[in-house]
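Here the structure is laid out as structure tokens; the discussion comes afterwards.
The values are calculated or read from the model by the stated rules, or taken from the named source; none is laboratory data. What you see is a predicted model; the values in this text were computed from it and never measured. We place every Cβ from the backbone using ideal geometry, glycine too, and count neighbours over all the protein chains shown.
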Amino acid sequence: MTDAKDAAAVRIKTPAGVSIADRLAGPGATRLELMLGLAASAVGLAVGLAAALSQPWLWWEQTLVVLIAADLAGGVVVNAQPASRLWWHRPGRRSVHHIRFAVLHVHPFIFAILLDEWSWGLAIGLYVAVVVGAAAVALSPRRLQEAVGLGCAGMIIAGATSWGGAPSVLVWLVPLYVLKLVVSHPVAGIATGSGNR
């Protein structure tokens, strides 16, 4: 299929009972889109597992790191794909929906609560920066969203990894968290007809 045919294939109207897979990857996601998302999640899972097994954490702490790593790595790729963007930026979706998506991703606080290595200062700073970055992207004119997102992401990642105090064993989670929520999700990309400017 060509890109135009792929894009047209995902512009279908979806029934009220959309599956979880469709909500994550977008209704009508191509086989390649699904495979890329699963591959990214698998890599995140493997990196998370290697990091978790290198630490003297309890089994549930290790499991948490592995699952969040898979979610973030997969989310960076899936949210940037055409089917997902068309779903998340469909008609009726507004900037507030994309900001709320970032607000609901409280991963830094989960780490601060459960892992001694993750400071509250890092959790608060990273969370606030990501929500502000996602808002900046969502409120930007569509033609500038990618540039705003990449600029915000670069600054947040540089600050959090240089001065934020992220533990070395988990520092790789910072770029995944930022890219998923500041670039992949709020940037409309090819999506048309959404409520974003």
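Just one residue in the set Ala147, Ala191 is modelled with pLDDT of 90 or more, within 20 Å of His89 (Cα to Cα), over 15 Å from the mean Cα position of the chain (by Cα) and not charged (D, E, K, R); that residue is Ala147. What about Ala83, is it closer than 25 Å to Gly48 by Cα, surrounded by 15 or more Cβ atoms within 10 Å (Cβ to Cβ) and hydrophobic (A, V, I, L, M, F, W, C)? For Ala83, the condition - closer than 25 Å to Gly48 by Cα, surrounded by 15 or more Cβ atoms within 10 Å (Cβ to Cβ) and hydrophobic (A, V, I, L, M, F, W, C) - is not met. A search for C-beta distances below 6 Å between a residue of the stretch 40-57 that is over 14 Å from Val171 (Cα atoms) and any residue that is in a helix (DSSP H, G or I) and among the hydrophobic types (A, V, I, L, M, F, W, C), counting only pairs 6+ apart in sequence or on different chains, returns Ala40/Ala73; Ala40/Val77; Ser41/Ala70; Ser41/Ala73; Val43/Ala73; Leu45/Val66; Leu45/Ala70; Leu49/Val66.
Scanning the stretch 124-155 for residues that are crowded, with 20+ Cβ neighbours inside 10 Å and over 17 Å from Ala80 (Cβ atoms) yields a total of 3.
Of the residues Ala158, Ala134, which single one is within 19 Å of Val78 (Cα to Cα) and without any contact (Cβ under 8 Å) to a residue 60 or more places away in the chain?
On the way: Ala158 fails: within 19 Å of Val78 (Cα to Cα).
After ruling out the rest, the residue left standing is Ala134.
With respect to Val18, determine if the residue is among the aliphatic types (A, V, I, L, M), modelled with pLDDT under 95 and at negative phi. Please lay out each step first, then the result.
Numbers: among the aliphatic types (A, V, I, L, M): yes; modelled with pLDDT under 95: yes; at negative phi: yes.
For Val18, the condition - among the aliphatic types (A, V, I, L, M), modelled with pLDDT under 95 and at negative phi - is met.
Within the stretch 73-116, the set of residues being touching a Ser or Thr at 6+ places or on another chain (Cβ under 9 Å), of a type in the set (A, V, I, L, M, F, W, C) and part of a helix (DSSP H, G or I) comprises Ala73, Val76, Val77, Val78, Ala83, Leu86, Trp87, Trp88, Ala112.
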